[in-house]
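The values are calculated or read from the model by the stated rules, or taken from the named source; none is laboratory data. Note that the structure is predicted; figures quoted are calculated from it, not measured. Positions of Cβ are backbone-derived with ideal geometry, glycine not excepted, and every protein chain shown enters the neighbour counts. For the accessible areas, the whole protein counts, side chains as well, though only heavy atoms, and no ligand, DNA or RNA atoms are used. Shrake-Rupley method; radii C 1.70, N 1.55, O 1.52, S 1.80 Å.
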Amino acid sequence: MADQKPTVIKTGSSNVGLIFLALAVIVAAVVAFMMFQSERKENDAVSGAASAVSQAAQDVGDAAKSETK
């Protein structure tokens, strides 16, 4: 009997791991959303610039046509 160690029975849990996991998921979702929004803004900017270049090329083409008539 002297060699036996006492048995500790834990009756409750602290849920710290669950709270940490929830916070990690929330942070990951926020970061993913921010990256998605950033990518969308870049695409919009590139589309706007391409549209402006296209319009400028159209104007140059129209001017060249009117000069050759």
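Just a few scattered comments:
- Contact map, segment 28-45: first residue without any contact (Cβ under 8 Å) to a residue 12 or more places away in the chain, second residue surrounded by fewer than 10 Cβ atoms within 10 Å (Cβ to Cβ), Cβ cut-off under 9 Å, separation 6 or more or different chains; the map is empty.
- Qualifying residue in segment 8-18 (condition: modelled with pLDDT of 75 or more, on the phi < 0 side of the Ramachandran plot and open to solvent by less than 100 Å² (accessible area, probe 1.4 Å)): yes
- Residues that are open to solvent by 100 Å² or more (accessible area, probe 1.4 Å) and at pLDDT 80 or above within segment 27-52 comprise 33, 34, 35, 36, listed in sequence order.
- Among the conditions (1) hydrophobic (A, V, I, L, M, F, W, C); (2) surrounded by 10 or more Cβ atoms within 10 Å (Cβ to Cβ); (3) modelled with pLDDT under 85, residue 2 misses just one, which is (2).
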